[in-house]
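Engineer: Before I ask anything, let me first share the structure, which is written out below as structure tokens.
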Amino acid sequence: MRQNKSLKKLGVAAAALGLAGAGGYMARAGVGPDGAVNGHPLPSASVGGPASFADIIQQVAPAVVSIEVEGRMGPQNVAQSGPGGSSGSEGPDGGDGDNGGLPPELRRFFQQQPDGAQSAPVHGAGSGFFISSDGYVVTNNHVVQGATKITVHTTDDRVLKARVIGHDEATDLAVLKVDASGLPFVSFQDRAKPRVGDWVVAVGNPFNLGGTATAGIVSALGRHNVSGSSYVDFMQIDAPINRGNSGGPTFDLHGQVVGVNTAIFSPSGGSVGIGFDIPADVAASVTHQLIASGKVIRGYIGATVQDVTPEIADSLGVAKGGALVADVAPRGPSDAAGIRSGDLVLKIDGRPVTSAADLTRQVGGIHSGDTIRLEVRRDGQVRQIVVRSGLRPSEAELAFNDRSPDGQGAGGAGATGVLGLRVAPDDQGRGVRVAGVSASSDAAQKGLRAGDLIERAGQQQTRSPSDLVHAVAQARETGHKQVLLMVARGGQHIFVPVELSAG
């Protein structure tokens, strides 16, 4: 389930800032029963202003690490990566070069230094934190995405090689693993959520300085228009966040991790005291799944939905609420069940749907193959429709099928992707099936049409849409003007050279 938003994926600055708690910490907390350095609450803050954050920082700082990455990005992204922090290319893979279609005030602050102009190596620095004594590290996905080498630097000057255990683009979280034991680690807040006005502390690696702490308060909760993700209602904080803070923890007064810094609002490119955290409950759930299986599995019904604004509600003659189906993916679960564009989803399995994000979240929590009962309003009539949940594609595959010539793709019949094609995985895993072709594309001129099966692009097999994306990117990076597709149609194969667009 995707939410149709004007704000695309935000991967703004994720800071490794454990937000500082108020003063009044007169005694140092000990190690908890599970070994976590923050496993023992500190005394409550005194009434009045903070006295010092020293005890809380001394307690949790050893679990916060600096992360160094190496990767490569294309010359077009290097040119956009200025020193002022306004770069649109956020990770070692260069990101998308335009901040994901977001307003320029919403930024990732991942510190990177390209060395040249042609397919330049990138040396990046971010933040993270240990969540186990045997070396599991939480950070942002955009810090390590596309990295070819990852190194973790601890506060006691150890340098450890790290590998990616799993990553989740939908929440911008990743888990790394280093081969070590007896490491200091912190745990997520599993009690009451922080309140607006609570003190918080951030400890991270801004500008590669390492071991930097900043303090602030929780400014707001439930910010859901910060990124393209429907799975995160962000916590807003005012502790300063800067380049290199991506992926670090935010701590409460008890030394518990209450969030992972992931975004910043900045008209100037520097910190203005408006940062956004992935809340601890979301981060804990996602990281546990990544450690267990290397991925996060979510349900999927193959429909693009949007919120019901007061104007839409008035035009439909309904009360505000629910989620309006804007488009249905061809041959997807919703299409098979009879869901149509224009349907208003009121309930899912008897539970009210309050917004597009709410529906997306509820569907995401359902296992693939389970049946979902949707209550929808169509043509003034309320009806029950049973949908069998599918497996949600990766964010790369969704983004690939969500592009259109005007940049406003909604994932429907008119949406196109790389090469002017909209594709989906083949049911039998033989390649990617063409679901639509832009009439103005070279692919259309060469005779490609819906139903064709692309089995190979260049020298790579195409088992998924992301394979096709990677093959096209590789062809462009190596200077080719066309990519050769092996296409199956009617039991026969043909090779079709398709021109690469300038974008």
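The values are calculated or read from the model by the stated rules, or taken from the named source; none is laboratory data. These figures come from a predicted structure and were not determined experimentally. For neighbour counting, all protein chains shown are included, and Cβ atoms are generated from backbone atoms with ideal geometry for every residue, glycine included.
Engineer: Looking only at the range 289-329, count how many residues are exposed (fewer than 15 other Cβ atoms within 10 Å of the Cβ) and closer than 29 Å to Asn140 by Cβ.
Structural biologist: 5
Residue-wise test of (1) surrounded by 20 or more Cβ atoms within 10 Å (Cβ to Cβ); (2) of a type in the set (Asp, Glu); (3) under 15 Å from Thr139 (Cα atoms); (4) not assigned by TED's automatic domain parsing to the domain that holds Ser271.
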site: Val164; (1), (2), (3), (4): no, no, yes, yes
site: Leu173; (1), (2), (3), (4): yes, no, yes, yes
site: Lys193; (1), (2), (3), (4): no, no, no, no
site: Val196; (1), (2), (3), (4): no, no, no, no
site: Pro206; (1), (2), (3), (4): yes, no, yes, no
site: Gly211; (1), (2), (3), (4): no, no, no, no
site: Thr214; (1), (2), (3), (4): yes, no, no, no
site: Val218; (1), (2), (3), (4): yes, no, no, no
site: Gly222; (1), (2), (3), (4): no, no, no, no
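Engineer: Now for a separate question. Do we have Ala202 as outside any strand (DSSP E or B) and touching a strand residue (DSSP E or B) at 6+ places or on another chain (Cβ under 7 Å) here? Write out each step before concluding.
Structural biologist: Numbers: outside any strand (DSSP E or B): no; touching a strand residue (DSSP E or B) at 6+ places or on another chain (Cβ under 7 Å): yes.
Taking the combined requirement at face value, the residue does not satisfy it.
Engineer: A further question follows. Given the condition at pLDDT 75 or above and either within 25 Å of the chain's Cα centre (by Cα) or under 30 Å from Asp307 (Cα atoms) (or both), answer yes or no: does some residue in the range 444-463 qualify?
Structural biologist: yes
Results for (1) more than 18 Å from the chain's Cα centre (by Cα); (2) assigned to a strand (DSSP E or B), shown as yes or no for each residue.
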site	(1), (2)
Ala263	no, yes
Ile278	no, yes
His288	no, no
Val296	no, no
Val305	yes, yes
Asp314	yes, no
Ala326	yes, yes
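Engineer: Another one. Could you run through the range 456-503 and say how many residues are surrounded by 14 or more Cβ atoms within 10 Å (Cβ to Cβ), over 24 Å from Asp427 (Cβ atoms) and of a type in the set (Lys, Arg)?
Structural biologist: Selection size over the range 456-503: 1.
Engineer: Could you say which residue among Val469, Val483 is at pLDDT 85 or above and either part of a loop (DSSP other than H, G, I, E, B) or within 28 Å of the chain's Cα centre (by Cα) (or both)?
Structural biologist: Within the list Val469, Val483, the selection yields Val469.
Engineer: Right, something else. Determine whether Val186 is modelled with pLDDT of 80 or more and outside any loop (DSSP other than H, G, I, E, B). Before you say what the answer is, go through the steps one by one.
Structural biologist: Numbers: modelled with pLDDT of 80 or more: yes; outside any loop (DSSP other than H, G, I, E, B): no.
No, not satisfied.
Engineer: Here's a follow-up. If a residue must be at pLDDT below 50, assigned to a strand (DSSP E or B), within 19 Å of the chain's Cα centre (by Cα) and of a type outside the set (S, T, N, Q), how many such residues does the range 108-150 contain?
Structural biologist: Count: 0.
Engineer: Still on this structure: Quick test of your reading of the structure: Val498 fulfils all but one of (1) within 30 Å of Tyr300 (Cα to Cα); (2) touching a Lys or Arg at 6+ places or on another chain (Cβ under 8 Å). Name the failing condition by number.
Structural biologist: In the conditions (1) within 30 Å of Tyr300 (Cα to Cα); (2) touching a Lys or Arg at 6+ places or on another chain (Cβ under 8 Å), Val498 misses (1) alone.
Engineer: Among the residues of the range 272-293, how many are out of contact with any strand residue (DSSP E or B) (no Cβ under 6 Å at 6 or more places or on another chain), over 18 Å from His167 (Cβ atoms) and in contact (Cβ under 8 Å) with a residue 40 or more places away in the chain?
Structural biologist: Residues meeting the conditions: 2.
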